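Shown next, in structure tokens, is the structure this report addresses.
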Amino acid sequence: MERPLTKNIRDGMEPLHIKDYEKAGGYQAVHKALKTMAPKEIVDLVSAANLRGRGGAGFPTGQKWATVPTDDDGPRPKYLVVDADEMEPGAFKDRILMEGDPHQLIEGLVLGAYAIQADLAIIFLRHEYTKVAKTLTWAIAEAYEQGYLGSNIAGSGFSLQLHLHISAGRYICGEGTAMLNSMQGGRAVPRHRLPHPTIAGLWGKPTNINNAETLCNVPHIVNNGADWFKGLSRCKDGGTKIYGVSGKVKRPGAWELPMGTPIREILEEHAGGMREGVNFRAVIPGGASTEFLAEEHLDVPMDYDSVPKVGSRMGTGTMIVLDDQTCPVGMVHNLEHFFARESCGWCTPCREGLPWAERILKDIEEGRGQPEHLRRLEKLGKDLWLGRTFCPLAPGAVEPLRSALVLFREDFERHIREKRCPWR
Ligand code: SF4
């Protein structure tokens, strides 16, 4: 099985410096694309490869690039922003790629910037990723030295500057428009999506925002073609995916596998199944803001179209497993504590509703639950749902809560009936 994204990354290995990356075939795609392909050819190639964004929403990457105005007299400068603000509980896939093989990301972003004819690329990095920041800093310096960044890259006439922006660290910055506001020195709150950032983004200029894992795929598509990329996958979306598992499994971690690998295979073959003494109960498949799935859904392929058919989302592809020795109410309380703290506070339902849900869950978990609490939580799940708030943070935050109230109903009721947590 080919693993293009992680082939240069080994446990305990130092990240690849530029000479080793070049020896392994690195930067060949930059030479090929910038010297022999027009920007539109790259956009068309990435579209033909069915590369979908790996940040969670799964939007087709080529389609996103195609919306950036390319006319010569269009607005300048144009920006490519790399979303590396990986902050959702359970998500750590981008860190592995950036820490282990930083030039793969740099090469991918040079290709993306060339495709949309950007003048400046910015990596927006979560500030807790201090090791990644150090790694990217020397890798960027190496890329400038070797002529893969700066003026007239590889003698092609294309120029690109790259800036590493270490963010102050807010979950809402994963929402692209909030990220742009924060980069402009403003409060990190989302903006209206019209006009779209590809038309008027950073400083009002065309801006494309791509996830780090997404861009790491691009050099391999340019080198090997769209059909090869589609052939890596087990579904109609192209490529491989970094899937991760945390929780009480034997081997928590992350693995590059064909897109569309079934959840059960990831949990049992790669994560090694459950640890001795605990049994599987449920899984949040795509990071903390997705709905719980139970045992009967484990054979679903992990891809953007299949997981929604069983009532959840693929999200970032990083799963959190719930076992039978862990209190589901406590787990959901923990998640809502995170989301309530990370609400940007811009709109009332989210600012007030998430802390309210968190307080009720705390009361239930600590034995102060009342029967009407469950109706209140259900109502909050509806009041914070899609269309009720300015951005998707609140609907995402209540996804695990809404599904927990159905899947673990008896556990909630038992807490209230017995006025205690049965797991303590
Ligand atoms: S839903 Fe929450 S995070 Fe999103 S804009 Fe409203 S308050 Fe901010």
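The values are calculated or read from the model by the stated rules, or taken from the named source; none is laboratory data. Everything quoted here is computed from the prediction, not taken from an experiment. Every residue, glycine among them, receives a Cβ derived from its backbone with ideal geometry; neighbour counts consider all protein chains shown. To get the accessible areas, we keep the full protein, side chains included, count just its heavy atoms, and leave off ligands, DNA and RNA. Shrake-Rupley method; radii C 1.70, N 1.55, O 1.52, S 1.80 Å.
Checking VAL222, VAL249 one by one, the residue that is crowded, with 18+ Cβ neighbours inside 10 Å and more than 29 Å from GLY62 (Cα to Cα) is VAL249 and no other. The residues listed here are ALA141, ALA133; of these, the one that is surrounded by fewer than 21 Cβ atoms within 10 Å (Cβ to Cβ), part of a helix (DSSP H, G or I), free of Cβ contacts under 8 Å to residues at least 24 places away in the same chain and away from the ligand (no atom under 16 Å from the Cβ) is ALA141.
Among the residues of region 168-217, those that are outside any helix (DSSP H, G or I), surrounded by fewer than 22 Cβ atoms within 10 Å (Cβ to Cβ) and more than 16 Å from the ligand (Cβ to nearest atom) comprise GLN184, GLY185, PRO195, HIS196, THR198, ILE199, ALA200, LYS205. Condition first: open to solvent by less than 20 Å² (accessible area, probe 1.4 Å) and either of a type in the set (A, V, I, L, M) or more than 16 Å from the ligand (Cβ to nearest atom) (or both). Now tell me which residues in region 366-384 satisfy that. Hits for region 366-384 are GLY367, GLY369, HIS373, LEU374, LEU377, LEU380, LEU384. Looking at the structure I just gave you, is ARG359 open to solvent by 80 Å² or more (accessible area, probe 1.4 Å) and either over 23 Å from ALA188 (Cβ atoms) or within 13 Å of the ligand (Cβ to nearest atom) (or both)? Answer is yes for this residue. Identification of helices (runs of 4 or more DSSP H) wholly contained in region 1-71 with 2 or more residues that are over 24 Å from the mean Cα position of the chain (by Cα) and surrounded by 20 or more Cβ atoms within 10 Å (Cβ to Cβ) yields 18-23, 28-36. With respect to the stated conditions, THR70 is of a type in the set (S, T, N, Q) and out of contact with any Leu (no Cβ under 9 Å at 6 or more places or on another chain).
Here is a yes/no grid of residues against (1) within 16 Å of the ligand (Cβ to nearest atom); (2) free of Cβ contacts under 8 Å to residues at least 60 places away in the same chain:
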residue	(1), (2)
GLY315	no, no
MET319	no, no
ASP324	no, yes
VAL329	no, no
VAL332	no, no
HIS337	yes, yes
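Taking the criterion of being touching a helix residue (DSSP H, G or I) at 6+ places or on another chain (Cβ under 6 Å) and either over 23 Å from VAL81 (Cα atoms) or without any contact (Cβ under 8 Å) to a residue 24 or more places away in the chain (or both), the residues of region 224-265 that qualify are ALA226, PHE229, TYR243, GLY244, ALA254, TRP255.
Just wondering, is there one or more residues in region 253-271 that are in a loop (DSSP other than H, G, I, E, B) and open to solvent by 10 Å² or more (accessible area, probe 1.4 Å)?
no
Residues considered: GLY58, GLY90. Of these, the only one that is touching a Lys or Arg at 6+ places or on another chain (Cβ under 6 Å), farther than 20 Å from GLY225 by Cβ and not acidic (Asp, Glu) is GLY58. Here GLU128 passes the criteria (1) within 21 Å of TRP65 (Cα to Cα); (2) assigned to a loop (DSSP other than H, G, I, E, B); (3) more than 16 Å from the ligand (Cβ to nearest atom) except the one numbered (1). On the basis of being at pLDDT 95 or above, open to solvent by less than 10 Å² (accessible area, probe 1.4 Å) and touching a strand residue (DSSP E or B) at 6+ places or on another chain (Cβ under 8 Å), does VAL82 make the cut? The answer is yes for VAL82. Determine if region 147-164 includes at least one residue that is among the hydrophobic types (A, V, I, L, M, F, W, C) and either closer than 26 Å to MET87 by Cα or within 16 Å of the ligand (Cβ to nearest atom) (or both). Scanning region 147-164, I find at least one residue that is among the hydrophobic types (A, V, I, L, M, F, W, C) and either closer than 26 Å to MET87 by Cα or within 16 Å of the ligand (Cβ to nearest atom) (or both), so the answer is yes. When region 385-407 is filtered for residues that are more than 11 Å from the ligand (Cβ to nearest atom), of a type in the set (A, V, I, L, M) and open to solvent by 70 Å² or more (accessible area, probe 1.4 Å), the ones remaining, listed by number, are VAL406, LEU407. Scanning region 339-355 for any residue that is in contact (Cβ under 8 Å) with a residue 12 or more places away in the chain, open to solvent by 70 Å² or more (accessible area, probe 1.4 Å) and either within 16 Å of the ligand (Cβ to nearest atom) or among the hydroxyl-bearing types (Ser, Thr, Tyr) (or both) turns up at least one such residue.
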